[in-house]
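The values are calculated or read from the model by the stated rules, or taken from the named source; none is laboratory data. Not measured: the values here are computed from a predicted model. Note that each Cβ is placed from the backbone with ideal geometry, even for glycine, and that neighbours are counted across all protein chains shown. These area figures cover heavy atoms from the full protein model, side chains too; ligands, DNA and RNA do not enter into them. Shrake-Rupley method; radii C 1.70, N 1.55, O 1.52, S 1.80 Å.
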Amino acid sequence: MALPWYRVHTVVLNDPGRLIAVHIMHTALVAGWAGSMALYELAVFDPSDPVLNPMWRQGMFVMPFMTRLGITDSWGGWSITGESVSNPGLWSFEGVALSHIVLSGMCFLAAIWHWVYWDLELFRDPRTGEPALDLPKIFGIHLFLSGLLCFGFGAFHVTGLFGPGIWVSDAYGITGKVQPVAPSWGADGFNPFNPGGIASHHIAAGLFGILAGVFHLTVRPPQRLYRALRMGNIETVLSSSISAVFFAAFVTSGTMWYGAAATPIELFGPTRYQWDSGYFQQEIERQVEASISEGLSESQAWSRIPDKLAFYDYIGNNPAKGGLFRAGPMNKGDGIAEAWLGHPIFRDKEGRELTVRRMPAFFETFPVILVDKDGIIRADIPFRRAESKYSIEQVGVTVDFYGGKLNGQTFKDAPTVKKFARKAQLGEVFEFDRTSLESDGVFRSSPRGWYTYGHANFALLFFFGHLWHGGRTIFRDVFTGIGAEVTEQVEFGAFQKLGDKTTKKQGAV
């Protein structure tokens, strides 16, 4: 019987043993990819500068997820925090990657075994002897086991009771490290940036899943509900499973893009809204003002700003800046950051302090405009110098650097001032190595942007898949498909209406 491409799964619809085989093989592929990709990322990862060359600048995709669960050390003797380690043991990047590859191989063999030995007594209805799966019972088993796993993760792994804890940092991503987390049971637990909510929600959801699993194992569905929800149809399982997946994909896309305790900026990079709202810029200014109020000079105040905080306040680290479909890590765009040059403060010949207007996230080019504290334009880099009234040369703009590599230096020549004015459009000014990776100057999106885009697309695809398979299940009688009522095999393309023998196209003899 010929089948259209979208009906190939009918091969395993009524074959419980091989249905399990293809699911195990899927797990083998996922685990194998995760382990292989982790080993590849470790092979190309440079751990030498965790501040200005973090994993998210290098395009690492799997390593941030490993790190947020508590893996920070490598068999190579380095740690993600920049320290050296001697004996990390199995709970290391390489150890976890290899364990996933071993798991993949075992699942691969199990899938082959179940494909060959598909006709087990376990998969036969004891009353009729026909191949069958007790779907409500299977649902109860899976719900119970997943609830147990969820509870164990929240109660033991996250809390540090029997595990490492998770990656926790401050609001500005400076002091991050792996540590145990106490559950937050109050209203504060619903704050998406509170790591205590991760522990409490996993414990609560796990307990609920365990109770629901026990319920479904002990209580059988009434016949009307069983028939109404098509609980005896394997495609019902597919439809409802897809709905769980697309819901999770939508949630994880949102928490990744907007930020949450589960997606720390030290591992995935800043969110675009932190640039748009001047989040890091305001914190830097607050710290400088606090230092000056303590009696420190402007130079000393800026020197106290951590390089990591200054680096977050740079538009090249914005996940919305690079646009999608530009291959390669962020370092491939603007280069490997080597040093913070310092904070530039521009002044005109009348002594007014000027600020360069920053580039919005979705602009590739933007006019260089310098404004005073009242927002009045005092200088610019004109498009046509012949008609200019506010050029750097005419206004006599100079630039002083505070903090960083150029601390205490002043530049008065117009070409140098213009160079730093253009750089100041992008936030704090940094020095980049563009030769090592042959960086092309075109910004790339961070792994945060790629993850969000990919999972939002998966979520939409699975949402439509849920509607399709749910519709096929509920309206099975009006779909043209392969069902128990079909007694004669229909060749696809034979122009025969299902169940109507008079419509069959007769071949010429």
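With a 1.4 Å probe and all protein chains left in place, how much of the accessible area of the stretch 57-189 comes from carbon and sulfur atoms, in whole percent? Here it works out to 68 percent. The translational diffusion coefficient of the stretch 1-160, from Stokes-Einstein at 10 °C and 1.306 mPa s with a Kirkwood hydrodynamic radius over alpha carbon pairs, comes to 83 µm²/s.
Annotation for the stretch 97-176 versus the stretch 350-401: alpha-carbon center distance of 59 Å. Taking θ as phi - 60° and the Karplus parameters 6.51, -1.76 and 1.60, the scalar couplings of the stretch 114-124 work out to 5, 6, 6, 9, 7, 8, 9, 4, 4, 9, 10 Hz in sequence order, x denoting glycine and proline.
Round to the nearest 0.05 the FRET efficiency obtained for residue 29 and residue 286 when R0 = 35 Å and r is the Cβ-Cβ distance. Write down the numbers at each step before the final one.
Values: r = 49 Å, r/R0 = 1.40.
Given R0 = 35 Å and the Cβ-Cβ separation, E is 0.10.
Restricting the trypsin sites (Lys or Arg not before Pro) of the stretch 299-368 to loop positions (DSSP other than H, G, I, E, B) with no more than 15 neighbouring Cβ atoms within 10 Å leaves 304, 326, 349.
For the stretch 295-395, how big is the tail of P(r) above 24 Å, as a whole percent of Cα pairs? I get 42 percent for the Cα pairs in the stretch 295-395 exceeding 24 Å. For the listed residue pairs 332/373; 373/412; 373/419; 177/321, the alpha carbons are over 30 angstrom apart in 332/373.
Compactness ratio for the stretch 321-469: Cα radius of gyration over 2.2 N^0.38 Å (N = residue count) comes to 1.38. Expressed as a whole percent, the accessible area of the stretch 413-455 that falls on carbon and sulfur atoms is 53 (1.4 Å probe). In this structure, the amide hydrogen of residue 378, modeled 1.01 Å from its nitrogen in the peptide plane, lies closer than 5 angstrom to those of 370, 371, 372, counting only residues at least 5 positions away or on a different chain.
Mind giving me the FRET efficiency for residue 258 and residue 128? R0 is 51 Å, r the Cβ-Cβ distance, nearest 0.05 is fine. Mind showing how you got there, number by number?
Values: r = 52 Å, r/R0 = 1.03.
For R0 = 51 Å, the calculated efficiency reads 0.45.
Only DSSP H runs of four or more residues enter the estimate; each adds -39500 (n - 2.57), and after division by the residues of the chain the mean residue ellipticity at 222 nm equals -13500 deg cm²/dmol.
Annotation: amide H of residue 124 within the under-5 Å range of 132, sequence separation 5 or more or interchain, hydrogens built in the peptide plane.
Convex hull over the alpha-carbon atoms of the stretch 73-150: what's its volume per residue in Å³?
Details: hull volume 9.7 nm³, N = 78.
Normalising the Cα hull of the stretch 73-150 by residue number yields 124 Å³.
Across the stretch 360-371, rounded Karplus estimates of 3J(HN,Hα) from the backbone phi angles (6.51 cos²θ - 1.76 cosθ + 1.60, θ = phi - 60°) give x, 4, 8, 9, 8, 10, 7, x, 7, 10, 10, 10 Hz, Gly and Pro being marked x. For the stretch 249-350, the ratio of Cα radius of gyration to the globular rule of thumb 2.2 N^0.38 Å stands at 1.29. Backbone amide hydrogens, once placed in the peptide plane, bring residue 429 within less than 5 Å of 341, 342, excluding anything fewer than 5 places away on its chain. Counting protein heavy atoms only, the stretch 217-290 has 62 percent of its accessible area on carbon and sulfur, 1.4 angstrom probe.
With R₀ set to 56 Å, the beta-carbon distance separating residue 377 from residue 251 gives a calculated FRET efficiency near 0.80.
Annotation: the chain has a Kirkwood hydrodynamic radius of 27.4 angstrom, from the mean reciprocal C-alpha pair distance.
Using packing as a proxy for protection, rank 415-425, 114-124 so that the peptide with the highest average count of other Cβ atoms within 10 Å comes first. Working shown, then result.
Working: 415-425: 17.2, 114-124: 13.7.
Top of the packing list down: 415-425, 114-124.
Packing here is the average count of other Cβ atoms within 10 Å per residue, and on that basis the peptides 309-319, 404-414, highest first, run 309-319, 404-414.
Sorting 436-448, 128-140 by their mean Cβ neighbour count within 10 Å, with the most densely packed peptide first, gives 436-448, 128-140. Converting phi to 3J(HN,Hα) with the Karplus coefficients 6.51, -1.76 and 1.60 and the offset θ = phi - 60°, the stretch 458-464 yields 4, 4, 5, 4, 6, 5, 5 Hz in sequence order, with x at every glycine or proline. Ligands, DNA and RNA are left out, and with a 1.4 angstrom probe the accessible area of the chain is 55 Å² per residue.
Taking the Cα centre of the stretch 349-457 as reference, the dipole from Cβ charges on Lys and Arg (+1) and Asp and Glu (-1) amounts to some 140 debye. Given +1 at the Cβ of Lys and Arg, -1 at the Cβ of Asp and Glu and no other charges, the dipole of the chain around its Cα centre is 1440 debye to the nearest 20. Extents of the stretch 261-306, taken as max minus min of Cα coordinates on every principal axis and listed largest first, are 38, 19, 15 Å.
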